[in-house]
Amino acid sequence: MFKEALREVVEGTEGGIAGLLMDTSGIAVESYAKSDAAFDISTVGIEFGVVIGSIKRAAEMLEAGATHEIVIGTDKLVTLIRTLGDTYFLALALTPDGNYGKGRYLMRTAAPKIMAEL
């Protein structure tokens, strides 16, 4: 179920490269990558997992509420991250010219289905 949900998000997003479901300790639950992906999405998730923890703590310290979404943009890659409770997150890697809005929408609609299976 998880791989199919990730595939739908990646393939449904213009510029989508790979998707990942990971727990906050850095263990990948499932991933999906297009055959031409130039990187390992699990490694991206592990590295950004540390950042997610810091952002969540900062939002709590600022009394801004729970963190739901994080976007990290670089020259070659944009990574959209959607938290799933305190334990898991979804990540979508896409090209810088990809459709961020569609990716965000597909992640938001996939999240409840994924959470129900977790």
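The values are calculated or read from the model by the stated rules, or taken from the named source; none is laboratory data. The structure presented is a predicted model; accordingly, all values stated were derived computationally and were not measured. Glycine gets a Cβ as well: all are built from the backbone with ideal geometry, and neighbour counts include every protein chain shown. Ligands, DNA and RNA are stripped out before the accessible areas are found, and what is left, the full protein with its side chains, is counted by its heavy atoms. Shrake-Rupley method; radii C 1.70, N 1.55, O 1.52, S 1.80 Å.
Working from label points 7 Å from Cα in the Cα-to-Cβ sense, the Leu118 to Thr87 distance is 0.8 nm. From its DSSP helices (H runs of at least four residues, each -39,500 (n - 2.57)), the chain gives a residue-normalised ellipticity at 222 nm of -14000 deg cm²/dmol.
For Lys3, the aspartates and glutamates whose Cα falls under 16 Å of its own Cα, not counting residues fewer than eight places away in the same chain, are Glu11, Asp23, Glu30, Asp40, Glu117. Note on Met61/Ser35: beta-carbon distance plugged into 1/(1 + (r/R0)^6) with R0 of 35 Å gives a FRET efficiency of 0.25. Surface composition of region 23-118: carbon and sulfur make up 53 percent of the accessible area, probe 1.4 Å.
Where in region 66-110 does the amide nitrogen come within less than 13 Å of the point 7 Å from the Cα of Arg7, taken along Cα to Cβ? Within reach of a label on Arg7: no residues. With the biggest extent put first, the Cα atoms of region 1-82 measure 41, 30, 21 Å across the principal axes.
Anyone know which of Phe39, Phe48, Phe89 comes out most mobile in the 10 Å Cα GNM of the chain? Per the Cα network of the chain with a 10 Å cutoff, Phe39 tops the list.
I want to verify a result. In a Gaussian network model of the chain, Cα cutoff 10 Å, which of these has the top mean-square fluctuation: Leu62, Leu77, Leu21? Highest fluctuation of the listed residues: Leu62. The residues of the chain have, on average, 55 Å² of accessible surface per residue, using a 1.4 Å probe with all protein chains present.
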